[in-house]
Amino acid sequence: SEKVGTPGDKKQIHSSPRSPDRRGAAGVGMNTAYLRRCADEERRAKIAAGFTIDGMNMRDASTGETLWEMNSWPSDWHVAEIQARVPARILQCPAVSRELTFSSVEKVANLRCEHRVYLDGAPDPIEVWDFDFGFVMPGSRNTWQTTVEAAGKEKMLRPTEASGRVMVRTKFTDGDATIVESAVRVFYD
């Protein structure tokens, strides 16, 4: 307990454990914020542990022809760099459709996917794509299809210039909170 007197009095402070109901408003706020952050971190870790990529394909958006497909993702996809060998003609498509199949053990309130495309490890991305999926039911398997339009022939890199030098960094988030990240190095064959 604390004993505090008038300005002229000597102050004696005795420390003892405080129960939560005796804390000041600032102490409760700080403690509540800390506990909320811990709960959020625990929640994100649970989502990440149960979030898997089951497969992905890319198609020519105008014809529907599948140009690249990967049906078995490595179990360490979120910690190790993945290599993707994609046909060079994908760079000639005016638009590419990407279909991602994923599973989630946990509920995700607002799933988002942020792609940042880098060339030779440059600090700034050469392309940025952000997609919103929304609510993900717990224990579900989902298919997410998005379409990306090409920047135009004059702005496209040739396959020989880009092959092995392009890194796609993807971040899956629940709102603004990062769930898991991945890195894919692209080779054009």
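The values are calculated or read from the model by the stated rules, or taken from the named source; none is laboratory data. Since the structure is predicted, the reported quantities are computational estimates derived from the model, not experimental observations. So basically every Cβ, Gly included, is an ideal-geometry build from the backbone, and we count neighbours across all protein chains shown. To get the accessible areas, we keep the full protein, side chains included, count just its heavy atoms, and leave off ligands, DNA and RNA. Shrake-Rupley method; radii C 1.70, N 1.55, O 1.52, S 1.80 Å.
Determine whether region 39-57 contains at least one residue that is among the hydroxyl-bearing types (Ser, Thr, Tyr), out of contact with any Ser or Thr (no Cβ under 8 Å at 6 or more places or on another chain), open to solvent by less than 60 Å² (accessible area, probe 1.4 Å) and at pLDDT 90 or above. Within region 39-57, not a single residue is among the hydroxyl-bearing types (Ser, Thr, Tyr), out of contact with any Ser or Thr (no Cβ under 8 Å at 6 or more places or on another chain), open to solvent by less than 60 Å² (accessible area, probe 1.4 Å) and at pLDDT 90 or above.
Residues of region 108-125 that are outside any strand (DSSP E or B) and surrounded by 15 or more Cβ atoms within 10 Å (Cβ to Cβ): PRO125 alone.
Restrict the check to region 141-153 and report whether at least one residue is aliphatic (A, V, I, L, M), assigned to a strand (DSSP E or B), modelled with pLDDT under 90 and touching a helix residue (DSSP H, G or I) at 6+ places or on another chain (Cβ under 7 Å). No: region 141-153 contains no residue that is aliphatic (A, V, I, L, M), assigned to a strand (DSSP E or B), modelled with pLDDT under 90 and touching a helix residue (DSSP H, G or I) at 6+ places or on another chain (Cβ under 7 Å).
If a residue has to be under 23 Å from the mean Cα position of the chain (by Cα) and buried (at least 16 other Cβ atoms within 10 Å of the Cβ) to count, how many in region 60-73 make the cut? Number of matching residues: 3. Here are some residues: VAL128, VAL180, VAL136. Which one is touching a helix residue (DSSP H, G or I) at 6+ places or on another chain (Cβ under 7 Å) and either of a type in the set (Val, Ile, Thr) or crowded, with 17+ Cβ neighbours inside 10 Å (or both)? Step by step, each of VAL128, VAL180, VAL136 is checked, and only VAL180 is touching a helix residue (DSSP H, G or I) at 6+ places or on another chain (Cβ under 7 Å) and either of a type in the set (Val, Ile, Thr) or crowded, with 17+ Cβ neighbours inside 10 Å (or both). In region 74-105, which residues are in a loop (DSSP other than H, G, I, E, B), open to solvent by 40 Å² or more (accessible area, probe 1.4 Å) and under 27 Å from PHE135 (Cβ atoms)? Scanning region 74-105 gives SER75, HIS78, VAL79, VAL105.
Is it the case that PRO159 is within 30 Å of ALA39 (Cα to Cα) and over 14 Å from the mean Cα position of the chain (by Cα)?
no
Within region 164-189, work out how many residues are farther than 18 Å from PHE102 by Cβ and either in a strand (DSSP E or B) or touching a residue at least 40 places away in the same chain (Cβ under 8 Å) (or both).
Counting residues in region 164-189 that are farther than 18 Å from PHE102 by Cβ and either in a strand (DSSP E or B) or touching a residue at least 40 places away in the same chain (Cβ under 8 Å) (or both) gives 8.
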